[in-house]
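Below you'll find the structure, written out as structure tokens, and then a few comments.
The values are calculated or read from the model by the stated rules, or taken from the named source; none is laboratory data. Every value quoted in this text rests on a predicted model; they were computed, and no experiment measured them. Methodologically, a virtual Cβ is constructed for each residue, glycine included, from the backbone with ideal geometry; neighbour enumeration extends over all protein chains shown.
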Amino acid sequence: MTTTAGWRYVTDGGLETDLIFHHGVDLPEFAAYPLVWTDEGRTLLRAYYDAYADIAGAAGAGLRLETPTWRANPDWAAVLGHDVRTVSDANRTAVELLQGMAQDWRDRVPDIMVIGSVGPRGDGYAVGDAVDPDEAADYHTPQVWAFAEAGAQAVCALTLTDPGEAVGVVRAADSFGLPVAIGFTVETDGRLPGGTTLRSAIEQVDAVAPPAYFLVNCAHPQHVVAAFDDAGPWVERVHGLRSNASTATHAELDEAEVLDEGDLAVFVPAHRALEERLPALEIVGGCCGTDARHVAALWGVG
């Protein structure tokens, strides 16, 4: 079985679901970025990330602190009544907040990276029209610019469903000299929501705008594993996993009124089986429904 020996970085779990369901925090439109503007919000975020610093310290691994900015892009910000200037301030402030945490925790975890987190322009699950890469680059540039201004070390886009949008994010990050990781999400059949195979999506992006590497996030390991039946060199480009705790479909999770935290007795073995398909895996965290307990179990600590 794969072990954690080759893994390099702990990253966090399901920030939004953890805060909503475990801490009673109201996050309209699943947006966590407004928390950076209040003392209470910053305290909540610090406690949240601190649990993952503990895991990294116990595992002897590095830590990726990824900003709470998955929704901090222009269209989603407009729904919350925030203009581009306001949301850019949130993106910069989020990086600075995590930089402060990194400074405070380097005695515990010497290797800490502060990463600017990008989310999709759409809802992350639904199938829409094909995305024009140039339009996507223009759209995501303000957020990436804010990360660059604040000194983020890299960018990570999560829950993308369209190769065109992925290309746009890479081009935006490249224009500021920032390394970028692309995270696709898949449905229960291991394919992107529109039916594209994970292999095809990765190869399409790599052909025109290769990122530093790819991740898969926001799907249970049992759903992701089917994507790797089609083995090949492309598999070496997947360096990260951030899995959902629940085996429910995206549609079911959208309708859920209570948190499905899954079953660790199912989640961990399923993750181990998926690890066997990923020889380049080095970044492990969680996504919806997971918290520090899930990530600690994957790393074999706690």
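For this structure, a couple of remarks:
- When 191, 171 are screened for being in contact (Cβ under 8 Å) with a residue 24 or more places away in the chain, touching a strand residue (DSSP E or B) at 6+ places or on another chain (Cβ under 9 Å), under 27 Å from residue 136 (Cα atoms) and basic (Lys, Arg), only 191 passes.
- Per the conditions (1) out of contact with any strand residue (DSSP E or B) (no Cβ under 8 Å at 6 or more places or on another chain); (2) part of a helix (DSSP H, G or I); (3) of a type outside the set (A, V, I, L, M); (4) closer than 24 Å to residue 238 by Cα, the sole criterion not satisfied by residue 122 is (2).
- Considering only residues in region 233-274 that are small (Gly, Ala, Ser) and at pLDDT 95 or above, the one that is farthest from residue 291 (Cα to Cα) turns out to be 273.
- For first residues located in region 71-89 and more than 20 Å from residue 38 (Cβ to Cβ), partners that are of a type outside the set (A, V, I, L, M, F, W, C) and lie 6+ apart or on another chain with Cβ distances below 6 Å form the pairs 73/143; 75/121; 84/74; 84/142.
- When restricted to residues that are small (Gly, Ala, Ser) and either within 18 Å of residue 140 (Cβ to Cβ) or crowded, with 23+ Cβ neighbours inside 10 Å (or both), region 194-218 contains 3.
- Residues that are among the hydroxyl-bearing types (Ser, Thr, Tyr) and within 18 Å of the chain's Cα centre (by Cα), drawn from region 1-47: 9, 11, 17, 33
- Annotation note: Cβ proximity below 7 Å between a residue of region 174-185 that is assigned to a loop (DSSP other than H, G, I, E, B) and a residue that is at pLDDT below 95 and surrounded by 19 or more Cβ atoms within 10 Å (Cβ to Cβ) (sequence gap 6+ or interchain) occurs for 185/124.
- Residues that are closer than 9 Å to residue 176 by Cβ and touching a residue at least 40 places away in the same chain (Cβ under 8 Å), drawn from region 133-148: 145, 147
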